[in-house]
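Working notes, structure below.
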Amino acid sequence: MAIERTFSMIKPDATRRNLTGAITKMLEDAGLRVVASRRVWMSRREAEGFYAVHKERPFFGELVESMSSGPTIVQVLEGENAIARNREVMGATNPANAAEGTIRKVHALSIGENSVHGSDAPETATQEIKYWFSDTEIVG
Ligand code: UDP
């Protein structure tokens, strides 16, 4: 199986509730290794840039508001099939549909405040890692 890297965020709704450690443990227990990590309070502009793909969606304003409302932990995760593995442990976007034991089932508050982000494909993983990290900040 391929060793991959993916981009992950622990969102402000989760850092506000002091869940950074609990969520990181769930990622690690799923076989993912944190190879880069930083705490950032993103500006509205950074949130708009990061989520530009969603700019025409009705929830865009709320998403930008929520992502710039407090600290986020941005991370690079590494492991076998890391992209799919991370999506699996995150659970469905809407916590009401998330499988038992997933991060969103256990911790998310709502579809908007759903605690974590994870890249959905190799191209987005590369792009998103680059948005937040330089090569020298990633230590595998
Ligand atoms: N989102 C929202 N309302 C929706 C759909 C999405 O607030 O109806 C937010 C939610 O925080 C989600 C993010 O927008 O995590 C990005 O949406 P996407 O469909 O890419 O979901 P994800 O990949 O995060 O599961």
## Note on the structure
Taking Cα atoms only, Rg over Rh for the chain with Rh from the Kirkwood formula is 0.93
### Positive dipole terminus of the chain, leading residue within F7, Q75, V64 (C-beta point charges)
V64
### Query
What whole-number value in Å² describes the accessible area per residue of segment 1-83 for a 1.4 Å probe?
52
### Task
Beta carbons within 10 angstrom, averaged per residue: use that to sort the peptides 45-55, 78-88, highest first.
78-88, 45-55
### Query
Mean separation of Cα pairs under 8 Å and 6+ residues apart, divided by the residue count of the chain: what relative contact order is that in percent?
37
### Task
Note down the relative contact order for segment 29-105 as a percent, whole number, built from C-alpha pairs under 8 angstrom at least six residues apart.
37
## Note on the structure
Carbon plus sulfur, as percent of the 1.4 Å-probe accessible area of segment 6-140, comes to 51
### Distance between segment 87-114 and segment 12-38 - C-alpha centres, whole angstrom
14
### Task
Past 24 Å, Cα to Cα, is the threshold; run K11/K130; K25/K55; K25/K105 against it and keep the listed order.
K25/K55
### Task
Report the charge-dipole magnitude of the chain in Debye, nearest 20, computed about the Cα centre from +1 at each Lys and Arg Cβ and -1 at each Asp and Glu Cβ.
340
### Summary
Once amide hydrogens are built 1.01 Å from N within the peptide plane, the residues lying 5 or more places from S37 or on another chain with amide H under 5 Å from its amide H are V76
#### Entry: Extension reserve of the W41-A2 stretch, reckoned as 0.36 nm per residue once the Cα distance is removed
10.8 nm
### Residue-averaged 222 nm ellipticity for the chain, from DSSP H runs of 4+ at -39500 (n - 2.57), nearest 500
-10500 deg cm²/dmol
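The values are calculated or read from the model by the stated rules, or taken from the named source; none is laboratory data. Quick caveat, the model's predicted, so the values are computed rather than measured. Positions of Cβ are generated from backbone atoms using ideal geometry, with glycine treated the same way; all protein chains shown enter the neighbour counts. What goes into the accessible areas is simple: the full protein's heavy atoms, side chains included, and nothing from ligands, DNA or RNA. Shrake-Rupley method; radii C 1.70, N 1.55, O 1.52, S 1.80 Å.
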